[in-house]
Amino acid sequence: MTQHPIAIIKDVLAVPAAGAYYFDDLAALQSSPIPLAERYTAPPVTPGFRRVREVAEAVSVGLVLDKTRVAWGDCVAVEFSGKAGRNPVFRVEEGVRSIQRTVAPALRGRKLTSFRELAAEVDALVESVEITRPLPSSEAADESRGPAPARELSRRELLTAPGRLWRAARAEEDSGDAEVVVEERRLHTAVRYGVSQALLAAVALARGMTMAEVVAEEYGLPPPGETIPLHAQCGADRYAGADKMILRRVASLPHSLVDNVPEQLGDDGEVLVRYARWLRERIPQLAGDDYRPTIHLDVHGALGQIYENNLGKILGYFYRLEQAVAPYPLRVESPVMMESREVQIEAMKTLRDYVRRRKMKTQLVADEWANTLDDVQAFIAAGAADMIQIKMPDLGSVHNAIEAVLACKAAGVGAFLGGSCAETDLSARATVHVALATRPDLLLAKPGMGVDEGITLMQNEMARTLAWIKAR
């Protein structure tokens, strides 16, 4: 590796910030449709939420190198936090406390010799936190004497179980039947994500190069030289959002959204099929026959919900979608959302095998339960997806996302370097640099759901970075 001047981290700053979108309680939304205006006051189901919809919180972390140079990164989590094995909702006060008490002492005075090494060190940090937990109940004591007779739970009981357990725990806490214990735990993924962005930016400042070049140099990759195809998302504003994507000629669209099953999918999926047909007709109307994007639909596990995880019926639905979008390629992300990583991988692998046996063309994209580098490697090893969304905030430190992209490419699995609408402009720009260095198949346009803003930010950051590299 080239020798570079060594800079030192003199101080660490932590500043409350805001994400570009919202944190949404997906379990609450999919269990019962909630009008948008009511989501801001509706009670949650997933532990950690205060309301079904909340403004996404963030913390900007700055590494002070000298009087004129501060390297920034943004700590932020994903929209559907607390779901499918993800960390809980990220709170500003907790993030600031973690940075001040744990991160700052570990980094202050450190030499910026290697982004990769420092990022891995921060990713492994643990902190001591006080946890209030209910004391063992009389029911637990009864269970020690043997299990009660089994009873089949209703669908509603299954869907609302997390919320009922959380409320019961809060009730016991309020009643005084609780204890305070000190636990050691890893830093929230949002903190690891933001601090690693700042480390990457700091090393780039110290070496006088772009963040993309730092990644390429430290991982032995070719110098960045090409833009990465974009995938755009529009949330519930399906039609106007898709028009914007088509006019901007993104490579993959529209992501869509299913957080209201009756309105966005339908009891038999016909609502989404109609939308797919509309996309097929709209694309040539606005952009001509020479524009051939991939139709990429993320259903957030809702196909499993309406078909009760009957994989044969879900396969039949893939065929309907294929016919609706033809001749455009089709990708379906997270058709099911199972209760664990192992079961999710098994279901996705089975679906992929079904698609191949029927000689269909639908590509399956993994997202749910692919939250860590180990998770991504498990999906790859099982052959459970044609493409994996590497959702950067979920993976914690940026170096994990880098290694996940490289692992996908080495295995011949599509790498979709993604993230969340709830992120910030700063985290989005850091993602661009990771993409330019690692060259995934697809890059998410983020943050926000306005379409234009995310696409513009990502395209412009790619163009400026490549121009700077070429000019030097």
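For the stretch 56-68, the set of residues classified as more than 16 Å from SER427 (Cβ to Cβ) and part of a strand (DSSP E or B) consists of VAL64 only. Residues being modelled with pLDDT of 55 or more, in a helix (DSSP H, G or I) and touching a strand residue (DSSP E or B) at 6+ places or on another chain (Cβ under 7 Å) are entirely absent from the stretch 154-170.
Being of a type in the set (D, E, K, R), under 28 Å from PRO35 (Cβ atoms) and in the same structural domain as ALA385 (by TED's automatic domain parsing), is that true of even one residue in the stretch 283-295? No, there is no match, as no residue in the stretch 283-295 is of a type in the set (D, E, K, R), under 28 Å from PRO35 (Cβ atoms) and in the same structural domain as ALA385 (by TED's automatic domain parsing).
Can we say GLY383 is within 27 Å of ALA17 (Cβ to Cβ) and of a type outside the set (A, V, I, L, M)? So GLY383 does not fit the description; no. Does the stretch 258-272 contain any residue that is surrounded by 14 or more Cβ atoms within 10 Å (Cβ to Cβ), in contact with a Ser or Thr (Cβ under 9 Å, 6 or more places away or on another chain) and under 18 Å from GLU333 (Cα atoms)? Scanning the stretch 258-272 turns up at least one residue that is surrounded by 14 or more Cβ atoms within 10 Å (Cβ to Cβ), in contact with a Ser or Thr (Cβ under 9 Å, 6 or more places away or on another chain) and under 18 Å from GLU333 (Cα atoms). Out of (1) in contact (Cβ under 8 Å) with a residue 12 or more places away in the chain; (2) farther than 25 Å from ALA381 by Cβ, the odd one out for GLU333 is which? With (1) in contact (Cβ under 8 Å) with a residue 12 or more places away in the chain; (2) farther than 25 Å from ALA381 by Cβ applied to GLU333, the lone miss is (2). Here the stretch 61-79 is the region considered, the condition is being in contact (Cβ under 8 Å) with a residue 12 or more places away in the chain and surrounded by fewer than 22 Cβ atoms within 10 Å (Cβ to Cβ), and the residue that is farthest from ALA28 (Cα to Cα) is ASP66. Scanning the stretch 428-448 turns up at least one residue that is more than 30 Å from ALA124 (Cβ to Cβ), at pLDDT 95 or above and crowded, with 20+ Cβ neighbours inside 10 Å. The residue of the stretch 178-212 that is nearest to ALA428 (Cα to Cα), among those that are in contact with a Pro (Cβ under 7 Å, 6 or more places away or on another chain) and of a type in the set (Ser, Thr, Tyr), is TYR193. I want to confirm something. Restricting to the stretch 80-105 and keeping residues that are of a type in the set (D, E, K, R) and in contact with a helix residue (DSSP H, G or I) (Cβ under 8 Å, 6 or more places away or on another chain), which single residue is modelled with the highest pLDDT? Once the filter is applied, the top-ranked residue is ARG86.
Checked against (1) touching a strand residue (DSSP E or B) at 6+ places or on another chain (Cβ under 9 Å); (2) under 14 Å from GLY85 (Cβ atoms), VAL365 meets all criteria but (2).
The set of residues from the stretch 435-472 being assigned to a helix (DSSP H, G or I) and acidic (Asp, Glu) comprises ASP452, GLU453, GLU461. Only one entry in GLY220, GLY266 is within 19 Å of THR431 (Cα to Cα), free of Cβ contacts under 8 Å to residues at least 60 places away in the same chain and small (Gly, Ala, Ser), namely GLY220.
Taken over the stretch 300-333, residues that are among the hydroxyl-bearing types (Ser, Thr, Tyr) and assigned to a helix (DSSP H, G or I) amount to 2.
For the stretch 306-327, a residue qualifies if it is over 18 Å from GLU346 (Cβ atoms) and either touching a His at 6+ places or on another chain (Cβ under 7 Å) or β-branched (Val, Ile, Thr) (or both), and the qualifying residues are ILE306, VAL325.
Output the number of residues of the stretch 324-333 satisfying the condition of being more than 20 Å from the chain's Cα centre (by Cα) and either under 21 Å from VAL258 (Cα atoms) or not assigned by TED's automatic domain parsing to the domain that holds LYS313 (or both). So the count comes out to 4. For the stretch 86-99, the count of residues that are within 30 Å of VAL343 (Cβ to Cβ), among the basic types (Lys, Arg) and touching a Phe, Trp or Tyr at 6+ places or on another chain (Cβ under 9 Å) is nonzero.
The values are calculated or read from the model by the stated rules, or taken from the named source; none is laboratory data. Computed from a predicted model, the values in this text were never measured in an experiment. Here Cβ is always computed from backbone atoms with ideal geometry, including for glycine, and neighbour counts include all displayed protein chains.
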